[in-house]
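So the structure is just underneath, and the comments pick up after that.
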Amino acid sequence: MNRRRFLQATSATASLTSVGALAQEAPPAGPEQNQRATTEALVTAQTEDKLKHSGLIFHPSPLPARPVAVVWVHSATANFYYPAYVAIARKMAATGYTFILGNTRMHDIGCVLAEHEDGSVLRGGSYWGLPSKEPLDIAAWIDVAEQKGHSSVVLVGHSAGGPAVRRFMAERADKRVVGWAQGSVGLALWPPKGDADRLRIATEMAAAGHGQDFLPNLRLSAGTFLDYEQTPDDIYDFYGIENAKPAVARVHAPLLAFYGSKGDVGSISDLERVRDLIGKHPGGPVHVDTAIIQDGDHDYTGKETDVAALLANWISGLPLSANLTGSR
């Protein structure tokens with residue numbers, strides 16, 4: 001499963017306020033105003049299942065920073081040092097926000113997550129990782145933000161990082177999360193369903209201890225394929241395209257969804273469609289905003305300042321208490 005398929009297939013976001021409100025107007029307080037010096041440093045997060053992930057943390061300098069920190073979750077085949085992400089993080093830190101870019105177990109095409117005493121390794125990345133476990137990684141990065149003095153965070157999932165963020169939101173009622181964003185996340189149901197023959201073969205391979213081997217004629221490990229296939233129905237159809245009780249109904253924190261206008265995986269009409277879907281079901285985010293990054297591509301190349309301005313302006317209007325998300 002290559003990066004293009006991830007970009008085309010990853011599942012969606014949208015809005016309950018007018019698309020035009022954020023899509024057509026520049027935020028009044030962009031990151032070019034009140035610029036501050038910044039510092040950045042490597043940082044490590046440890047998950048509940050004892051994996052260690054690397055990342056970067058960006059601070060305004062001198063401290064203190066604004067109360068809300070941003071945790072950005074990367075797309076498929078990407079990582080914490082992806083250039084566009086670093087540019088956005090620096091712009092955000094210059095306006096006073098602590099910004100964390102952290103790897104998850106799905107970073108890059110492939111990676112080694114752990115080495116065992118017998119010489120074997122646990123592989124991760126888009127081809128070998130277990131996406132159902134990504135909420136553990138996100139929780140670990142929120143812990144890092146809290147350790148740095150931030151009791152409130154906003155989660156941003158880019159592309160394939162979007163389904164990871166929304167699964168976290170549905171599975172963990174974390175009171176530290178005061179808002180969540182979906183950047184360039186496609187509208188298709190996610191993950192794509194595999195055929196019965198591949199499911200049988202993957203099951204047999206995993207049972208025989210070959211879960212990290214590729215399936216025949218598919219660049220995806222049997223274990224990753226099975227993990228995708230076991231996605232709960234309400235997570236698979238997160239916004240309720242077909243499911244009458246989608247996972248979004250139990251996520252109450254404010255949501256921001258946005259696309260680039262140039263060659264991205266979605267458009268204003270997609271944002272409007274998900275807005276309508278959210279409105280059909282009881283519960284769901286208490287407030288939803290949408291935006292289009294004019295002339296932005298899928299990775300916002302050259303438009304990182306606009307993304308930072310959008311996020312900074314949106315976050316400035318959020319409450320600092322996430323009582324609506326429940327308890328940690």
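The values are calculated or read from the model by the stated rules, or taken from the named source; none is laboratory data. In this text, all values refer to a predicted model and were calculated from it rather than measured experimentally. So basically every Cβ, Gly included, is an ideal-geometry build from the backbone, and we count neighbours across all protein chains shown. Ligands, DNA and RNA are excluded from the accessible area calculation, which covers all protein heavy atoms including side chains. Shrake-Rupley method; radii C 1.70, N 1.55, O 1.52, S 1.80 Å.
List of remarks:
- Mean Cβ count within 10 Å, highest first, over the residues of peptides 192-198, 257-263, 109-115: 257-263, 109-115, 192-198
- Think of the stretch 46-167 as a dipole: +1 on every Lys or Arg Cβ, -1 on every Asp or Glu Cβ, centred on the Cα centre; then among SER61, SER126, ALA76, SER61 lies furthest on the positive end.
- Taking all protein chains into account, the per residue accessible area for the stretch 141-264 stands at 37 Å² (1.4 Å probe).
- Amide H partners (placed H, <5 Å) of ASP299, local residues excluded: none
- Comparing LEU320, MET205, ASN217 along the charge dipole axis of the chain, the residue lying farthest to the positive side is LEU320, per the Cβ-charge model.
- Each of GLY161, ILE138, HIS150 was scored by the projection of its Cα onto the charge dipole of the stretch 129-169, and the greatest displacement toward the positive side belongs to GLY161; charges sit on the C-beta of Lys, Arg, Asp and Glu.
- On the principal axes of its alpha-carbon atoms, the chain has extents of 59, 45, 38 Å, going from largest to smallest.
- Of the accessible area of the chain, computed with a 1.4 Å probe over protein heavy atoms only, carbon and sulfur atoms account for 50 percent.
- Amide H to amide H distances under 5 Å link ASP213 with ALA222, GLY223, where only residues 5 or more positions off or on other chains count and H is placed in the peptide plane.
- Here the calculated FRET efficiency for SER151 and ALA208, from their Cβ-Cβ distance with R0 = 56 Å, stands at 0.75, rounded to the nearest 0.05.
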